[in-house]
Amino acid sequence: MTLILGIETSCDETSAAVVEDGRRVLSNVVKTQMSHKDFGGVVPDLSSREHVQYIYEVIEEAVLKAEISISQIDAVSAVNGPGLVGSLMVGLTAAKGISLRQNKPFIATDHVKGHIYGNVLTSGYPEYPSLSLVVSGGHSSIFLVDKDFETREIGRTLDDAAGEAFDKCAKMLGLGYPGGPALERAAEGGDKQFKKFPISKLDGFNFSFSGLKTSVMYYIKDEGAKSVSKNINDITASIEYAIVEQLIRTFLKAYAVHKTKSIMLAGGVSANRLLRRRFEDEFKKRGVSVYIPEMRFCTDNAALTAGIAYRDFIKNKFSPIDTGVYSRS
Ligand code: KG4
Ligand code: ZN
């Protein structure tokens, strides 16, 4: 039995988890920072400061909830990128400190791969190669994942990420932060055909959401606040539809070329119910195994790093203590 303590501080979630053998989540404590609400987006300086404030109590709680003592862990992992550099440093430094103090190996993990691993925590390993759609606040990419869980990016956004598109549209509509869940709530039961917002169709398997953002901006300006507020349900349903359709149509195009036996959805936006439904409906009928992460493994959480670190652990692949952080992949 291998116990890994994982730490995640790449953005605005301070999180620590204990995962057994890369599969069984014994604890997963997530503290979402609320101070960014007033600014309508994540403020990097505030984020690192809050991580410093909460990191040790979050780790303590994760160990307590797992009903183990810190000396029982076999390794400690932390996400070292991509993400906000100052924020990543907090989790990484805490993990290194524990590694040195407890004399246990340290494993740095990639945030994006961790998101994909949320599917393994949910349903076990897929058949390889697997095609994965990763959609979060920082990423909209399509990856081929091989048996060693190595990833090859075959498509990505040329401008905003899907989560960013949700967040920016929600902000323009005054729906608050975080925008994705707020926009989804506002769209419930609305008419998705109310307004035809652009659905970009690019070469290859790339995405673009800047046209949608501009179109929403002009729509709000032209219609005026009163009309927008009256039709908010239908407008948000139309925006949600445009984002989800672009993701599904592009992913279908990638699948038509690569025809993998399994596909995996990942990242914060995979919490979106319309996307989950469309992903499942489109691909189940094609006979492909569809992997969708449990809700608790969609947005940022440390079980993802503690889970994927196990793959390195069993290969004795440990990270040097001077491992640094990176902001972009
Ligand atoms: O993976 P994540 O927690 O952080 C990053 O790695 O970026 O993803 C956060 C993103 C945010 O943009 C948030 O608005 C979006 O995921 N999100 C959603 C939903 N829940 C979170 N977008 C649409 N519908 C949701 N239910
Ligand atoms: Zn993330």
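Answer yes or no as to whether GLY180 is near ligand 1 (Cβ under 10 Å from one of its atoms), open to solvent by less than 10 Å² (accessible area, probe 1.4 Å) and either touching a residue at least 40 places away in the same chain (Cβ under 8 Å) or at positive phi (or both). Before the answer, list the steps.
Working: near ligand 1 (Cβ under 10 Å from one of its atoms): yes; open to solvent by less than 10 Å² (accessible area, probe 1.4 Å): no; either touching a residue at least 40 places away in the same chain (Cβ under 8 Å) or at positive phi (or both): yes.
Answer is no for this residue.
Would you say PRO44 is of a type outside the set (A, V, I, L, M, F, W, C), open to solvent by less than 60 Å² (accessible area, probe 1.4 Å) and not assigned by TED's automatic domain parsing to the domain that holds GLY174?
Judged against the criteria, PRO44 is not a match.
Being under 21 Å from ALA161 (Cβ atoms) and over 23 Å from the mean Cα position of the chain (by Cα) is the filter here; which residues of the range 182-201 pass it?
Residues satisfying the conditions are PHE197, PRO198, LYS201.
From the list VAL290, VAL228, VAL257, VAL216, exactly one residue is touching a Cys at 6+ places or on another chain (Cβ under 7 Å) and either among the polar types (S, T, N, Q) or more than 25 Å from SER48 (Cα to Cα) (or both). Which is it?
From the options VAL290, VAL228, VAL257, VAL216, the qualifying one is VAL216.
Within the range 20-62, how many residues are among the β-branched types (Val, Ile, Thr) and outside any strand (DSSP E or B)?
Within the range 20-62, residues that are among the β-branched types (Val, Ile, Thr) and outside any strand (DSSP E or B) number 6.
For the range 304-313, enumerate the residues that are touching a Phe, Trp or Tyr at 6+ places or on another chain (Cβ under 8 Å) and either open to solvent by less than 10 Å² (accessible area, probe 1.4 Å) or outside any helix (DSSP H, G or I) (or both).
Listed by number, the residues that qualify are LEU304, GLY307.
Just to verify a result, which residue in the range 81-115, among those that are polar (S, T, N, Q) and open to solvent by 40 Å² or more (accessible area, probe 1.4 Å), is farthest from ligand 1 (Cβ to nearest atom)?
ASN103
Give me a count of the residues in the range 1-19 that are away from ligand 2 (no atom under 14 Å from the Cβ), assigned to a strand (DSSP E or B) and either acidic (Asp, Glu) or surrounded by fewer than 24 Cβ atoms within 10 Å (Cβ to Cβ) (or both).
1
Can you go through GLU150, GLU164 and tell me which one is without any contact (Cβ under 8 Å) to a residue 60 or more places away in the chain, more than 28 Å from ARG24 (Cβ to Cβ) and out of contact with any helix residue (DSSP H, G or I) (no Cβ under 8 Å at 6 or more places or on another chain)? Show your work before the answer.
Values: GLU150 fails: more than 28 Å from ARG24 (Cβ to Cβ).
Answer to the selection: GLU164.
Please work out which one of (1) closer than 26 Å to LYS37 by Cβ; (2) assigned to a loop (DSSP other than H, G, I, E, B); (3) touching a residue at least 12 places away in the same chain (Cβ under 8 Å); (4) open to solvent by 60 Å² or more (accessible area, probe 1.4 Å) is the condition GLN193 fails and give its number.
(1)
Checking THR122 against (1) open to solvent by 30 Å² or more (accessible area, probe 1.4 Å); (2) farther than 15 Å from PHE297 by Cα, which single condition isn't satisfied?
Unmet for THR122, out of (1) open to solvent by 30 Å² or more (accessible area, probe 1.4 Å); (2) farther than 15 Å from PHE297 by Cα: (2).
Where the second residue is open to solvent by less than 10 Å² (accessible area, probe 1.4 Å) and within 11 Å of ligand 2 (Cβ to nearest atom) and the first is within 17 Å of SER262 (Cβ to Cβ) and outside any helix (DSSP H, G or I) and lies in the range 289-303, which pairs have Cβ atoms under 7 Å and are six or more apart or on separate chains?
Here the result reads ILE292/SER270; PRO293/GLY118; PRO293/ALA266; PRO293/SER270, each pair linking the range 289-303 to a residue that is open to solvent by less than 10 Å² (accessible area, probe 1.4 Å) and within 11 Å of ligand 2 (Cβ to nearest atom).
Looking at (1) assigned to a helix (DSSP H, G or I); (2) out of contact with any Lys or Arg (no Cβ under 6 Å at 6 or more places or on another chain), can you tell me which one ASP203 breaks?
Unmet condition: (1).
Given the structure, is ILE263 over 30 Å from ILE73 (Cα atoms) and touching a strand residue (DSSP E or B) at 6+ places or on another chain (Cβ under 9 Å)? Spell out the reasoning first.
Working: over 30 Å from ILE73 (Cα atoms): yes; touching a strand residue (DSSP E or B) at 6+ places or on another chain (Cβ under 9 Å): yes.
For ILE263, the condition - over 30 Å from ILE73 (Cα atoms) and touching a strand residue (DSSP E or B) at 6+ places or on another chain (Cβ under 9 Å) - is met.
When the range 142-169 is examined, which residues are found to be within 12 Å of ligand 1 (Cβ to nearest atom) and either among the acidic types (Asp, Glu) or buried (at least 24 other Cβ atoms within 10 Å of the Cβ) (or both)?
Within the range 142-169, ASP160, ALA162, GLY163, GLU164, ALA165, PHE166, ASP167, CYS169 qualify.
If you go through the range 200-231, how many residues are within 16 Å of ligand 1 (Cβ to nearest atom), open to solvent by 30 Å² or more (accessible area, probe 1.4 Å) and of a type outside the set (Ser, Thr, Tyr)?
1
Of the residues TYR255, TYR241, which is within 14 Å of ligand 1 (Cβ to nearest atom), over 21 Å from TYR177 (Cβ atoms), assigned to a helix (DSSP H, G or I) and not charged (D, E, K, R)?
Only one candidate passes the filter, namely TYR241.
The values are calculated or read from the model by the stated rules, or taken from the named source; none is laboratory data. Everything numeric here is computed off the predicted structure, so don't read it as measured data. Cβ coordinates were reconstructed from backbone atoms using ideal geometry, including for glycine residues, and neighbour counts include every protein chain displayed. Note: areas computed on protein heavy atoms with side chains; ligands, DNA, RNA excluded. Shrake-Rupley method; radii C 1.70, N 1.55, O 1.52, S 1.80 Å.
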